[in-house]
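The values are calculated or read from the model by the stated rules, or taken from the named source; none is laboratory data. For clarity, every value in this text was computed on a predicted model and none was experimentally measured. Glycine also receives a Cβ, built like all others from the backbone with ideal geometry; neighbour counts cover every protein chain displayed. For the accessible areas, the whole protein counts, side chains as well, though only heavy atoms, and no ligand, DNA or RNA atoms are used. Shrake-Rupley method; radii C 1.70, N 1.55, O 1.52, S 1.80 Å.
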Amino acid sequence: MCTVHLDTANWIDLARHFVPRHSFHVFERAVAARRVLPVLSLAHLIEFAGIEDSAKRGEITRCLEYFDSIGDMRWIKQLYDVIRLEAAACFRGLVDDRWTPPDVCSGSFHSTLHDFERWQFDLETPRRIRDFVEAVRQDESFVEGFREDRRAYPAERRAIAKVRRSRRAIRFSEGELRAQIADYLPSIIQLPSGLSHRITEDTKAEFLMKADLDKCPAFRVDQAWHEGWNLDPSGASGSDIADCLHAPGLAYCDVAFADKRTVDALRKGRSPTIPRKNSEFSSWIETLGAG
């Protein structure tokens, strides 16, 4: 069984039959046989909702629903939710000396929504992917958070550059990265034993010294994305910024795809996981037929 995170462009290629017919059927058989488990996120659906052509949107959502019906599609939680889970899991590992990976996936896109996002719909949250995508198009406030990330990026980039100039360092240190993820710790953490552990200044200080960030892969990929683009003189464009929201899928899936600019940025940022380029999608599908 192989979990695979496809880029939005890959799903469009499948839905609009831009991949060879033979490749489509190879992928179809692999999903039906549960040899491949496609993993999507809310970020995918937001991007699909942004497609102006209603016929094209319909093709894509029907394609998603088809593969969901014949296979076992998984949905990964939103980026900052995953990082919070990673921070909490990392803290639990320090307290009881055991490592339990966070549960970041489920079988329904509804589980990736926050309560306040569900409440934004007047009626019950749409059950079908296509209905949800269309509902998002009608609710401007729903996508405002995603747009805000794009608007905030230039200021964030300038702030990072200012910090680095003041300390004459190009990259963040491990200690600085631990301080960043420590901000995602809740005030109280539930331990495997059932006991609750309150985060104090002393326990947070221990976290800052000992937290193993290699056990926080989505955080690592997200930071590498920012590092890569901050090391690039031109910086990320508006379309690039949305790609960082796919960090959980890139971090947790066995195989992942991304556009060339994202792949290059992750390499510059020394990401522990480098996705394949979208141009390799069709050739990768062919390897499924050989298996």
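Sort 277-286, 41-50 by packing, meaning the average of other beta carbons within 10 Å per residue, with the highest value first. Each step should come with its number before you reach the end.
Values: 277-286: 15.9, 41-50: 21.8.
Listed from highest to lowest mean packing, they are 41-50, 277-286.
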Magnitude of the charge dipole, the stretch 182-250, Cβ model with Lys/Arg +1 and Asp/Glu -1, debye to 20 | 300
Using amide H atoms built 1.01 Å from N in the peptide plane, name the residues 5+ places from residue 36, or on other chains, whose amide H lies under 5 Å from its own.
-> 2, 31
So what's the stretch 1-133 giving for Rg/Rh, alpha carbon basis, Kirkwood Rh from the mean inverse pair distance?
-> 1.03
Taking 209, 1 and ranking on accessible area (1.4 Å, protein atoms only), highest first, one gets 1, 209
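Any idea of the accessible area per residue across the stretch 28-108, 1.4 Å probe, to the nearest Å²? Could the numbers behind the result be given before it?
On the way: 3280 Å² over 81 residues.
Accessible surface, normalised per residue, equals 41 Å².
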Checked the stretch 1-53 with the C-alpha gyration tensor, a ≥ b ≥ c its square-rooted eigenvalues, rounded below a/c of 1.5, otherwise prolate if a/b is larger than b/c and oblate if not; verdict oblate
Of every hundred units of 1.4 Å-probe accessible area on the stretch 60-99, the number belonging to carbon and sulfur atoms, as a percent, is 45
What is the distance in Å between the Cα centres of the stretch 24-50 and the stretch 207-235?
-> 27
Can you send over the solvent-accessible area of residue 172, 1.4 Å probe, protein chains only, in Å² to the nearest 10?
-> 40
For the stretch 216-278, what does the alpha-carbon gyration tensor say about shape, rounded, prolate or oblate, given a ≥ b ≥ c as the root eigenvalues, a/c under 1.5 as rounded, and a/b over b/c as prolate?
-> prolate
